[in-house]
């Protein structure tokens, strides 16, 4: 689970993403308890409130659920949900980043599509 | 939940106002970072809040009770100062062991077990005289006193200054476990901003004795961005937005933009928007006075 935190990206987003990645990789499985916010805080040396913020984002999106007095658990179907969300984010962020870069290089959409078809290596 | 409230707090040394009209509320269950340049008034503010120095103006209260000359309030505060052995202040010749004993008597909620564990972990040689201890060991002693005091409001002034990176990491972990268990309020002043930024729930930035920022650390980071690109494009993208620390190289301009609620700067092919770290933000807000 322990990966280094990047600079310049909100810590709670990183906590959210690391838990998601662990769910995708099967490090954390459905109906399993995830580490508590205090455990996460100590592991990553971050404020527990920040860890809680990351965890709560996952509760809000239905990837984790809370069992009162016990902790946070991975919801059934969580991995599938994460895949769908990441696909959407991929479209919204990576693709628009790609389009911006293409625009500043004067690459047309058709050229770009060709590049993607050829797996990134220009013929 | 307990609160320590400063209202209009000022401190004058001779002709100089070291702390100017500070309003500040500290809540239990939070870790605050106090950052500022040398001489910004950090230590002065901490000593005013812990009644170690008299106020020139204003008031400091815990849950409505004044702090000054009030044992009831003082029992709830610990200000573990940096140990200064250069002056002839009476403690320099004292053995660390005896200094810790004194602290144990002074703080009503002293946790002897925790103190012993920290002495062990930091490998503090308690038989040494304070003046003969190195900087790292002195930092470890001040940390031990702060954590073991169990005071509801605990202030640490540059606690990690003398520690190596392994001891610093150990300190932050111990701080976080003590914090999770007790929900005490901690205020930590530091110059090593980057590694501490994630530990602070709120950050207080002091400049020339005044508080210029006091908010949730992550929210502050989220709303501060570097905007760079062609000068005109950057000016257009940041028009109406608070900016600091503009730097120009040829036609290129970079500014630190501090966004208010609802403001947003869209990245496009002419303008790059990059996140800022707490240290970047600190430099942008407090470094302007040294800019040419």
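Bear in mind these aren't lab numbers, they're just calculated from the coordinates by the rules spelled out. Predicted model only: the values in this text are computed from it and were never measured. All Cβ positions, glycine included, derive from the backbone under ideal geometry; neighbour counts span all protein chains shown.
Please list the radius of gyration and Dmax for the stretch B:223-290, considering alpha-carbon atoms only, with Å as the unit.
Rg then Dmax for the stretch B:223-290, in Å: 11.3, 33.
Kindly give the semi-axes, whole Å and largest first, of the ellipsoid equivalent to chain A, taking each as the square root of 5 times a Cα gyration tensor eigenvalue. Mind showing how you got there, number by number?
Numbers: eigenvalues 250, 55, 28 Å².
Those come to 35, 17, 12 Å.
Working from the pairwise distances between different alpha carbons, so that the mean of 1/r is found and then inverted, what is the stretch B:1-119's Kirkwood radius in Å? Mind showing how you got there, number by number?
Values: mean 1/r = 0.0620 Å⁻¹.
For the stretch B:1-119, the Kirkwood estimate is 16.1 Å.
I need the P(r) histogram for the protein assembly as shown: all alpha carbon pairs, bin width 10 Å from 0 out to the longest distance, whole percents.
In order of increasing distance, the bins hold 4, 18, 25, 24, 16, 8, 3, 1, 0 percent.
At 7 Å along Cα-to-Cβ for each site, give me the label-to-label distance between residue B:21 and residue B:241 in nm.
3.0
When only Cα pairs under 8 Å and 6 or more residues apart are kept, what is the percent relative contact order across chain B?
19
Counting only DSSP beta bridges with both residues in the protein assembly as shown, what percent are antiparallel, rounded to the nearest 5?
Numbers: 46 of 64 bridges.
Antiparallel bridges make up about 70 percent of those DSSP assigns within the protein assembly as shown.
In peptide A:46-57, what is the residue-averaged number of other protein chain Cβ atoms found within 10 Å of each Cβ?
Working: counts 8, 14, 8, 9, 7, 2, 0, 2, 1, 0, 0, 0.
For peptide A:46-57, the averaged partner shielding equals 4.
Rounded to the nearest 5, what is the percent of antiparallel bridges among the DSSP beta bridges in chain B?
70
Using a Gaussian network model of chain A whose springs link C-alpha atoms within less than 10 Å, name the residue from A:77, A:62, A:106 with the highest mean-square fluctuation.
Answer for the Gaussian network model of chain A: A:106.
What percentages, rounded to whole numbers, describe P(r) for the stretch B:3-216 computed over all alpha carbon pairs with 10 Å bin width beginning at zero?
8, 35, 38, 18, 1
Below 8 Å, C-alpha to C-alpha, sequence gap of six or more: please give me the relative contact order for the stretch B:1-95 in percent. Let's see the in-between values first.
Working: 129 pairs, mean separation 26.8, N = 95.
Relative CO of the stretch B:1-95 lands at 28 percent.
In the Gaussian network model of chain A, springs joining C-alpha atoms below 10 Å, which of A:42, A:109, A:87 carries the largest mean-square fluctuation?
Among A:42, A:109, A:87, the largest GNM mean-square fluctuation belongs to A:109.
Using the number of other C-beta atoms within 10 angstrom as an exposure proxy, rank B:164, B:202 with the fewest first.
Details: B:164 10, B:202 22.
Arranged by neighbour count, lowest to highest, B:164, B:202 become B:164, B:202.
Once fully extended, how much extra length lies between residue B:219 and residue B:71, figured as 0.36 nm per residue of separation less the alpha-carbon to alpha-carbon distance?
49.6 nm
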